[in-house]
Amino acid sequence: MEDQIYQLQYAIDTFYYLVCGALVMWMAAGFAMLESGLVRAKNTTEILTKNISLFAVSCIMYMVCGYAIMYGGTVFLSGIDGGETLVADALASKAEEGFEGGAVYSGASDFFFQVVFVATCMSIVSGAVAERMKLLAFLAFAVIMTGVIYPMEGSWTWGGNAVFGMYTLGDLGFSDFAGSGIVHMAGAAAALAGVLLLGPRKGKYAADGSVKAIPGCNLPMATLGTFILWMGWFGFNGGSVLKLADVSNANAVAMVFLNTNAAAAGGLVAALFVARAMFGKFDLTMALNGALAGLVAITAEPSTPTALEATIFGAVGGVLVVFSIVFMDKLKIDDPVGAISVHGSCGLLGLLLVPITNDGVSFSGQIIGALTIFVWVFVTSLIMWSILKAVLGIRVSEEEEATGCDVSECGLEAYPEFTK
Amino acid sequence: MKLVTAIIKPFKLDDAREALSEIGVQGITVTEVKGFGRQKGHTELYRGAEYVVDFLPKVKIEVAIGDDLLDQTLEAITKAANTGKIGDGKIFVTDLLQVIRIRTGETGEEAV
């Protein structure tokens, strides 16, 4: 009887993990819609191609070597199905953990849940470099980012390995529940390196230093993308509890869902009204970024805050993101969708908020962890982008940029019957 | 015969069409156009940065009429499209050398 209950728990936890992974997979659709709405119509096909291709590249590279680098094991996932002794092994480790101990679930479900996080990290890069980067250079970067750069920092954090044998982040009191730093800030760091080498879109900054807005072409699409991301985030944070099938873990999962939702709401309302106060108008795109900022900010620790604290943390993210976007423009760092602000600035904020509600985590640990992730991803990305710039070139020609990447990169317009 | 070309605010199109029908104008051609006059463009705000809309959307109406209808036509359009605010548009009148109804081959005033 006990064995059967253990088997049932294994099945429920695996099922929960898979459903959450599928929700996170759906975030790729959210990013695709958000980005296609915030770029100009002439770059829509290209950004959609980029988003769906990067997802596929991420899945292949993480299968080839990424997962092995991050969590150990062998390349190409050999042996992930658990082999002939699967049931006996699972029951043995269940017996060791007990009913309320750590989660035991299918190895394949673990890979599935982890691989969609890599894709999320890579999706962040695509928005920031939109409307001017060569597709081939981007996909080449995706190979390295998802095959090596992300798995390395992942192995130091969630993988528990020492950073080049020097120090172990876990021992220093570092914690990042679902990846404010490991996924979001890492993506933003890679994006920042790319944008610095790529330069702003033509026409974004005038010769006199003034900022020229380049409005997105489809705000219904951007709003749908944000809703999809908001929904997918329940899998992102909820699945990161890793276990569902006992009362205390089921409660933790419920609390994580509640807090994730609360933070998004707080972030949206804060950004909406901060933008209203600063610019005099309700800026939808800022409000959308605000919701995502709240989500990123709560991701580092959605299980310990109260609902009120989560709302406030989200709101702090929503305020920060508006100032961060304006500040990035002052530095002439052109980010069409605000990805660096949403995922970078608010990812860091998320890490720094953890010690407020989680006693087991220290500020110093969070700062060292954030620095480790940022420096590693930023420097290696900068090197990779530089190599790609020298070998392939990373930017389309001025004429291609003016015509739009749809025609120059894909030979296909997104709205061929649309005239303006 | 005259060709009357009027550039008006888009939301005044229905009023103008009605006014022209009432005085017996048989047909009009409408085009969505963009441009600026003394109104110039205006600025809008997106993510904290301003952008200038140089060319504002307008509607162009073209009416071919006999000389006897000219004054009434001008009055009808002027009255219908007037808001009293800047940006109401303009009316241009040009001589029309020839008009041909394609179906029947009629020409001149008969074809208008």
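The values are calculated or read from the model by the stated rules, or taken from the named source; none is laboratory data. Not measured: the values here are computed from a predicted model. Backbone-built Cβ (ideal geometry, glycine too); neighbour counts: all protein chains shown.
Mind listing whichever residues of segment A:272-295 are more than 10 Å from chain B (Cβ to nearest Cβ), under 20 Å from the mean Cα position of the chain (by Cα) and either within 17 Å of A:Leu308 (Cα to Cα) or in contact (Cβ under 8 Å) with a residue 24 or more places away in the chain (or both)?
If the condition is that a residue be more than 10 Å from chain B (Cβ to nearest Cβ), under 20 Å from the mean Cα position of the chain (by Cα) and either within 17 Å of A:Leu308 (Cα to Cα) or in contact (Cβ under 8 Å) with a residue 24 or more places away in the chain (or both), then A:Leu288, A:Gly290, A:Ala291, A:Leu292, A:Ala293, A:Gly294, A:Leu295 are the ones that fit.
Suppose the filter is of a type outside the set (D, E, K, R) and in contact (Cβ under 8 Å) with a residue 24 or more places away in the chain; does B:Ile100 pass it?
no
State whether the residues of segment A:298-314 include one that is of a type in the set (Val, Ile, Thr), farther than 25 Å from A:Cys217 by Cβ and not in a helix (DSSP H, G or I).
Checked segment A:298-314: at least one residue is of a type in the set (Val, Ile, Thr), farther than 25 Å from A:Cys217 by Cβ and not in a helix (DSSP H, G or I).
For A:Lys243, all conditions in the list (1) out of contact with any helix residue (DSSP H, G or I) (no Cβ under 6 Å at 6 or more places or on another chain); (2) not in a helix (DSSP H, G or I) hold save one; what is the number of the exception?
(1)
Take the residues in segment A:210-257 that are away from chain B (no Cβ under 14 Å) and among the polar types (S, T, N, Q); name whichever of them is surrounded by the most Cβ atoms within 10 Å (Cβ to Cβ).
Ranking the candidates gives A:Asn237 first.
Residues checked against (1) touching a residue at least 60 places away in the same chain (Cβ under 8 Å); (2) closer than 30 Å to A:Asp329 by Cβ; (3) of a type in the set (S, T, N, Q); (4) in contact with a Ser or Thr (Cβ under 6 Å, 6 or more places away or on another chain):
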site	(1), (2), (3), (4)
B:Val25	no, no, no, no
B:Val30	no, no, no, no
B:Lys34	no, yes, no, no
B:Arg47	no, yes, no, yes
B:Tyr51	no, yes, no, no
B:Val59	no, no, no, no
B:Ile65	yes, no, no, yes
B:Leu70	yes, no, no, no
B:Leu74	yes, no, no, no
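Restricting to segment B:23-67, and then to whatever is more than 14 Å from chain A (Cβ to nearest Cβ) and among the basic types (Lys, Arg), can you tell me which residue is surrounded by the fewest Cβ atoms within 10 Å (Cβ to Cβ)?
This residue is B:Arg38.
For A:Ile182, are the conditions met, namely being surrounded by 19 or more Cβ atoms within 10 Å (Cβ to Cβ) and part of a loop (DSSP other than H, G, I, E, B)?
No.
Being closer than 22 Å to A:Val148 by Cβ and polar (S, T, N, Q) is the filter here, so list the residues in segment A:383-411 that pass it.
A:Ser386
So which of A:Thr260, A:Thr311 ends up being surrounded by fewer than 24 Cβ atoms within 10 Å (Cβ to Cβ), modelled with pLDDT of 95 or more and not hydrophobic (A, V, I, L, M, F, W, C)?
Sole residue among the options that is surrounded by fewer than 24 Cβ atoms within 10 Å (Cβ to Cβ), modelled with pLDDT of 95 or more and not hydrophobic (A, V, I, L, M, F, W, C): A:Thr311.
For segment A:1-119, list the helices (runs of 4 or more DSSP H) that sit wholly inside it and hold at least 2 residues that are more than 30 Å from A:Ala287 (Cβ to Cβ) and among the small types (Gly, Ala, Ser); which are they?
Counting at least 2 such residues, we get A:86-97.
Report, by residue number, each residue of segment B:1-38 that is of a type in the set (Asp, Glu), assigned to a helix (DSSP H, G or I) and farther than 15 Å from B:Ile91 by Cβ.
The answer is B:Asp14, B:Glu18, B:Glu22.
Return a yes/no flag: does segment A:339-360 have any residue that is more than 20 Å from A:Ile149 (Cα to Cα), within 14 Å of chain B (Cβ to nearest Cβ) and within 20 Å of the chain's Cα centre (by Cα).
Yes, some residue in segment A:339-360 is more than 20 Å from A:Ile149 (Cα to Cα), within 14 Å of chain B (Cβ to nearest Cβ) and within 20 Å of the chain's Cα centre (by Cα).
Restricting the first residue to segment A:57-74 and requiring it to be farther than 11 Å from A:Met122 by Cβ, which pairs with a second residue that is of a type in the set (Phe, Trp, Tyr) meet a Cβ separation below 6 Å and a spacing of at least six or different chains?
Listed by first residue and then by second, the contacts come to A:Tyr67/A:Phe111.
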